[in-house]
Amino acid sequence: TNLKKLHSLSQIRMPRILNAFNALVRRDFRRKTLRDSARSFATDDGDGSAGVLAKRLKDSAETVVIGGGCVGVSLAYHLAKAGQKDVVLLEKSELTAGSTWHAAGLTTYYHPGINLKKIHYYSIKLFEQLEAETGQAVGFHQPGSIRLASTPVRVDELKYQMTRTHWHPTPQFLIGPEKIQQLFPLLNMDKVLTGLYNPGDGHIDPYSLTMALAAGARMYGAQIYYPASVTGLTPTADGRWDVQTPHGTIRANRIVNATGSATPTRQTTPPHDRPHLFVSFCLLGLLFGPYEKEEKMKLQDSWIRDGVPPGFGKELFESDLDRIMDHVERAIEMVPVLKNADIINIVSGPITYTPDLLPMIGPHQGARNYWTAIGFGYGIIHSGGVGKFLSDWIVSGEPPYDLIECDPNRYAHWTSVPYLCAKARESYVGYPKEERFAGRPTNRVSGVYELLKDRCSMGFHAGWEQPHYFHKPGDDSGYKPSFRRTNWFGPVGRECKLVMEGVGVIDLSPFGKIIVKGEDSHRLLDRLFANTLPKVGQTNISHMLTPRGRVYAEVTVTQTAPGEFLLITGSGSELHDLRWIEREVCDGGYAVSVCNVTDELGVLGVAGPKSRAVLQKLTDEDMSDTAFRFLHCRSMQLAGVPLRAIRISYTGDADRYTLVMPIDRTHMNCDTNPLEAGLDYFIKLSKPAEFIGKQALLEIKAQGLSRRLAFLTLHTDDIDPEGNESVWHDGEVVGNTTSGSYSYSTQQSLAFSYLPLHLTHAGQTVEVELLGQKYLATVTPEPLVLTEPARTRLQKKQRSV
C-alpha cells in the first residue's frame, strides 16, 4: 500500500534491486542469529517470552541501571569493566526494545559541540575493537561521510566547524566538488559548493552492538535481567534506593535512569528537519533518512498525557509518506539513482528529544544518588562515550571532563509540557549566539520584562528572558543570525560606549542565587571554596574545585549577616552548583540550611563611572567610593521604596551582550585547573581548611604547569572569535581559544587561549583561525580596561603629582 501511495504521489519507478534486498536479508538473518543467542541466556538472566526470571533477583546492588537500550547496556559494561561489583541492569521487555532496535546506526566523528566530540570519538574507537574483546560481531563499517554545502552560509558553517576540530584528534577535511564526486559519484553536483569529509564515519548494526556490549557486561560480572519492569522507586534515609520489580526489590546504592523513550514525561517524536544533506557511503544499498518539517512532525500526545503504553517495546508507527514527500523529491534531485530505487523497507519509530536536542547525562539535583542517561536523539553514536563518561564519574566521584551542556539540571520547574512540545518541533542551524524562540516566554520573567520586551532583542538563559541588545529607530532590528558580524554589532557598540562613559542598567535576574546559613555555614563553605570567606558586608570571588583540582564552578560569595551567605552563580549553573553543595552537606552532615532563591530575588546591575552618582540620587546612604568600597555589600532602600519597585525607574540602555561578550568564563571548567587559568589570587593554598581539591593543587603546583591561559589581541575584518577556535604557530595547532569577542573600547578583537608555556610571554605572536582564515594575534599581559579600584588609585596618584 505504501509503495503504491509513494508511486502515485511522485511517479517514481521502482524496479527491484536484488543486491540491496539481499543485504537486508543478510542483516535480518544476523540479527535473528544474535537474538536467538541472546535468548539462550535465559537460564542465566531471563526468559524474553515467558515473563518469568529463571533465577532469583539480587537483593542488593552497587548500581542499578534501568533500561536495556544501547546506552544503558553500555553503562553496565563500562561499570563492570571498571571493576565495580554488583552492577545490575533491568529491562522491561528485551534488550534494544524502544528506540535502539530500529535506529539507522550512523556513527559519526562529527558533532557541532566541542565536548560531545569526545563522546563520539570514544564510541567509534570502542566499536572498532568491541568484536575482538567480546567475540560478538557488531556489523561496524567505516566507509566515510560527507556533509554538503550548497549555499554560502552553509560554506561558512562548514568552515566554522573545521576551526573547532583542528585541535581535536578527529580526522576531518574540507573538500571541493571534484573530490566529492570522486568519493560519491551518484551525486548531482549542480548545487554543491563544498563538503565536510569525515573518512572514519560509518554505520553499525544497533542490535549487534547492544548484544556485544551485553556480552561484555556479563563477561566482567554484571547481571542483566529481563523482562523485569521497574514498578516503583523509593529513596531511603541513607541515600540509597529500593527498586521494586514484579520479581522482588533491590536495594541499590545508586540508580541510573536509562529508559529512553519509556522515560516518564519525556517527549517522544519522530525526528525533524535538519539543515544539511548527509551522505553516508554504503556499498550494498542506499539508506535515506529524512527529518520531516516542523509543521508535519507528529508528537505522541497520548504518551505525553498517559505515559508510554506498558507493552510497547519493538513496535513501529504507521508509516506516513505524506510527511516526507518534500524530502523524497529533494533527495531524488541530489541523488538521481533514488528515482529508480526499489523501497525495501520503511521504518517509522519513536525517538526522544529534549528541548535543546542534547541528552540529559549525570546526577540529578534534589534526589541523592539518582542519575540519568536519557533524551538521546542519537543514542547509538553516544552509547559508548556516554557509558564511559558516566562510569568514570560514578567510580571517581567527578566527571572526567566538562559536559555541562548535557547536565540534566539545566531544566527545572519552568520546563512545562507546552514548552517541551514547542521545542521538539523547532528546527534550527547552529549559529554563534543562537536564539530559538519556540515556547517562549516561560514563567521565568523578571520585573522589567514587560517594560523592555518591545524595546530590545531578548535572549534566553535557563528559562529567563533577558535583554541582549536594545534597538532604536533606524536600527536594523530583529534576530538575524550569522557566522560573521551581524545587525547587533552597531547597537552593542553604542551601549558599550554608554556604559564606559556614563551609566547603564543591566537585568541580571537570571543569575542563580543560593542562601546558605546555619551554625556550620563557615565550616561547609571553607570546605567547598578554595578562597577564604569574606567578612560580613563584603564580597569575593571563590571557586569550587573537584577532587582532582579542576574548576567545578565560579561563585560570587557575600556574607550578608554573621553565618549567612549569598552565593551567586551563572544562569546555566544554578542547579548544577546547588547539587554539588547539597551533596557535600549530606556527605559531611553539616548543620546548615541551603535555599535556592533564584526566582525570589531580582537583580539589576548599575554599571559605569556615573553609577554611584545615579544611585546617590535614590538613597540617603553615602555612595562614595570611600564609604561604599569595591566588593562591599549593604542592604538599603532606593527612593524610599523596596528594591522590587525599582523596575518602574528602569531607563538604562545596556544589555547582556555589553556585559558578557568581552570576557567569558569558559576557560574555567572541569577540563582546567585554576593555576593554569591564572586564578592563583583566588586560591588560598595556605588557608587552614582542607578544601576539596587542595591536595591535588599542591601536587599540580609541585609538578609545574605545561600550559597557561593567555590573553590575545587580534585585528580581523567582519568576524570575531567566540571560543573553541584553533590557535596555530609555525604551521601547527598549539591550542584553542576559550572565549572571545570584539572590544569596542580598544577597537580590536580579544580572545583567551590556552597555550604552551613557551608561547605565553608578552609580545608572542600566534594565529587564530576564523572561518578558514588565520589572523595574527599577540599575547598581551595586562587587562586593557582597569577596574574601579585601579582607576581610583591612578586618579589619586595623578592628582598628587
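Let's see how each residue does on (1) within 30 Å of the chain's Cα centre (by Cα); (2) of a type in the set (Lys, Arg); (3) more than 23 Å from Leu158 (Cβ to Cβ); (4) at pLDDT below 95:
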residue	(1), (2), (3), (4)
His758	no, no, yes, no
Gly763	no, no, yes, no
Leu770	yes, no, no, no
Val785	no, no, yes, yes
Exercise for review: Report whether or not Thr134 is modelled with pLDDT of 95 or more and either within 27 Å of Lys191 (Cα to Cα) or not small (Gly, Ala, Ser) (or both).
Suggested key: yes
Practice item. Exactly one condition in (1) touching a His at 6+ places or on another chain (Cβ under 8 Å); (2) free of Cβ contacts under 8 Å to residues at least 40 places away in the same chain; (3) under 30 Å from Gly459 (Cα atoms) is not met by Pro510; state its number. Key: (2)
**Study point:** segment 156-168: number of residues that are assigned to a helix (DSSP H, G or I) and not charged (D, E, K, R)
**Key:** 5
Check your understanding: Is there a residue in segment 550-562 that is in a strand (DSSP E or B), within 29 Å of the chain's Cα centre (by Cα) and among the aromatic types (Phe, Trp, Tyr)?
Key -> yes
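Does Leu545 fit the bill of being modelled with pLDDT of 95 or more, in the same structural domain as Leu615 (by the TED database) and either open to solvent by less than 10 Å² (accessible area, probe 1.4 Å) or at positive phi (or both)? I'd like the intermediate steps shown before the answer.
Details: modelled with pLDDT of 95 or more: yes; in the same structural domain as Leu615 (by the TED database): yes; either open to solvent by less than 10 Å² (accessible area, probe 1.4 Å) or at positive phi (or both): yes.
Considered against the rule, which asks whether it is modelled with pLDDT of 95 or more, in the same structural domain as Leu615 (by the TED database) and either open to solvent by less than 10 Å² (accessible area, probe 1.4 Å) or at positive phi (or both), Leu545 comes out as yes.
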Review point. So how many residues does segment 711-744 have that are in a loop (DSSP other than H, G, I, E, B), crowded, with 16+ Cβ neighbours inside 10 Å and not charged (D, E, K, R)?
Key: 6
Revision key, fill the gap. From the option list Ser383, Ser396, Ser446, single residue qualifying as open to solvent by 30 Å² or more (accessible area, probe 1.4 Å) and closer than 29 Å to Val551 by Cβ is Ser396
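Residue-wise test of (1) within 30 Å of Gly379 (Cβ to Cβ); (2) outside any strand (DSSP E or B).
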site	(1), (2)
Ala422	yes, yes
Gly430	yes, yes
Gly439	yes, yes
Glu450	no, yes
Ser457	no, no
Gly474	no, yes
Gly490	no, yes
Val505	no, no
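Residues to consider are Leu130, Leu187, Leu148, Leu158; find the one that is touching a helix residue (DSSP H, G or I) at 6+ places or on another chain (Cβ under 6 Å) and of a type outside the set (Lys, Arg).
Numbers: Leu187 fails: touching a helix residue (DSSP H, G or I) at 6+ places or on another chain (Cβ under 6 Å); Leu148 fails: touching a helix residue (DSSP H, G or I) at 6+ places or on another chain (Cβ under 6 Å); Leu158 fails: touching a helix residue (DSSP H, G or I) at 6+ places or on another chain (Cβ under 6 Å).
Going through Leu130, Leu187, Leu148, Leu158 in turn, just one is touching a helix residue (DSSP H, G or I) at 6+ places or on another chain (Cβ under 6 Å) and of a type outside the set (Lys, Arg): Leu130.
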Study note, to complete from the structure: His382 fails exactly one of (1) modelled with pLDDT of 95 or more; (2) over 28 Å from Ala438 (Cβ atoms); (3) not small (Gly, Ala, Ser), namely (2)
Review point. Taking segment 116-133 as the search range and keeping residues that are surrounded by fewer than 20 Cβ atoms within 10 Å (Cβ to Cβ) and not acidic (Asp, Glu), which one is nearest to Asn736 (Cα to Cα)?
Key: Tyr121
Review point. Applying the selection to segment 391-411, what residues are over 14 Å from Asp356 (Cβ atoms) and either of a type in the set (Gly, Ala, Ser) or not in a helix (DSSP H, G or I) (or both)?
Key: Ser391, Ser396, Gly397, Glu398, Pro399, Pro400, Tyr401, Asp402
Review point. Does any residue in segment 455-476 that is open to solvent by 50 Å² or more (accessible area, probe 1.4 Å) come within less than 6 Å, Cβ to Cβ, of a residue that is part of a loop (DSSP other than H, G, I, E, B) six or more places away or on a different chain, and which pairs are these?
Key: His471/Ser477; Asp476/Asn487
Review point. List, please: which pairs have Cβ atoms under 7 Å, are six or more places apart or on different chains, and start with a residue in segment 669-693 that is on the phi > 0 side of the Ramachandran plot and end with one that is open to solvent by less than 30 Å² (accessible area, probe 1.4 Å) and part of a loop (DSSP other than H, G, I, E, B)?
Key: Gly693/Ala530; Gly693/Thr546; Gly693/Gly549
**Study point:** Complete set of residues in segment 706-739 that are closer than 21 Å to Leu116 by Cα and in contact (Cβ under 8 Å) with a residue 60 or more places away in the chain
**Key:** Glu722, Asn724, Glu725, Ser726, Val727, Val733, Gly735, Asn736, Thr738, Ser739
Study note, to complete from the structure: Among Asp326, Asp356, the single one that is open to solvent by 20 Å² or more (accessible area, probe 1.4 Å) and not in a loop (DSSP other than H, G, I, E, B) is Asp326
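The values are calculated or read from the model by the stated rules, or taken from the named source; none is laboratory data. Nothing here was measured: the structure is a model prediction, and the numbers come from that model. So basically every Cβ, Gly included, is an ideal-geometry build from the backbone, and we count neighbours across all protein chains shown. These accessible areas exclude ligands, DNA and RNA; they are computed on the full protein's heavy atoms, side chains included. Shrake-Rupley method; radii C 1.70, N 1.55, O 1.52, S 1.80 Å.
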